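*Asks:* Shown below is the structure under consideration.
No lab work stands behind these numbers, since they all come straight from the coordinates. Being a predicted model, the structure only gives us computed values, none of them experimental. All Cβ positions, even for glycine, are placed from backbone atoms using ideal geometry, and neighbour counts span all protein chains on display.
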Amino acid sequence: MSHLNLKSKAMKTSRIVSSILLLFFVITGFSQTSKEYYDRGIANYNNQDFKGAIADFTNVIQINPNDAAAFHWRRIVKCTLNEYSESIVDFNMAIEIDPKDFAAYYLRGIAKNNLKDYNRAILDFNNSIKLDSTNSEVYFERGHAKYYLRNYIEAIDDYTITIEIGTKIAPSYYGRGLLRILLSQKESGCLDLSKAAELGYQKANEAIKQYCQ
């Protein structure tokens, strides 16, 4: 092998290594910038600078269009601003990136509830439950959707599940109590309202005065 060939190969190897190092530093630089935007977005959200948070998470997405966490946070901020239609676009993207993101289905369902798109909201809650059947708040929100669709029996079932496994126990007793009274089950309904009142749910006291005395 000639000295010229060795020198040529060495130069070629050097160029390859230089290119790899340059690519590494570019990627690392973008990663750091993305993290800075992401961290600042969360800080802005916590400080209630919601427009600033949206701008930061948008910058993260521009750097990495497959960053599910950035979509997650941006949709939360949009929901906080009651921008439900806009937030659904981000939910759709997040689900496309990760079809097993149960929180994306749940939160998209809430957005649809707020847009009074109850049937589609229920579909999202069903998908969320398939992925995680232990999240009581999904049953609670699905119960609301069924209530507005006047599917009272199934709404009661969802409130009951929420009470059995959940965190929103007081409002679930309240909702179930009202529905039972609506279905002429006054005794059990008033018991539910009393339980909600015991747990500190103020609306229950007003309902007791109206329906149970």
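*Asks:* Binning at 5 angstrom from zero up to the longest distance, how are the C-alpha pair distances of region 112-158 distributed in percent?
*Replies:* Bin by bin from 0 Å, the calculated values are 6, 26, 34, 24, 9, 0.
*Asks:* Something else about it: Arranged by the count of other C-beta atoms within 10 angstrom, fewest first, what order do R40, R180, R150, R74 take? Before the final figure, lay out each step's value.
*Replies:* Values: R40 18, R180 21, R150 8, R74 27.
In increasing order of surrounding Cβ atoms, one gets R150, R40, R180, R74.
*Asks:* Pulled fully out, how much extra length does the chain show between R120 and Q202, if you take 0.36 nm times their separation in residues and subtract their Cα-Cα distance? List each step's numbers first, then the result.
*Replies:* Details: separation 82, 0.36 × 82 = 29.52 nm, distance 3.10 nm.
The span from R120 to Q202 would gain 26.4 nm if fully extended.
*Asks:* Same structure, new question: Residues with beta-carbon under 11 Å from that of A104, excluding A104: net charge, scoring Lys, Arg +1 and Asp, Glu -1? Walk me through the numbers before you get to the answer.
*Replies:* Values: positive: R75, K100, R108; negative: D90, E96, D98, D101, D124.
In short, -2.
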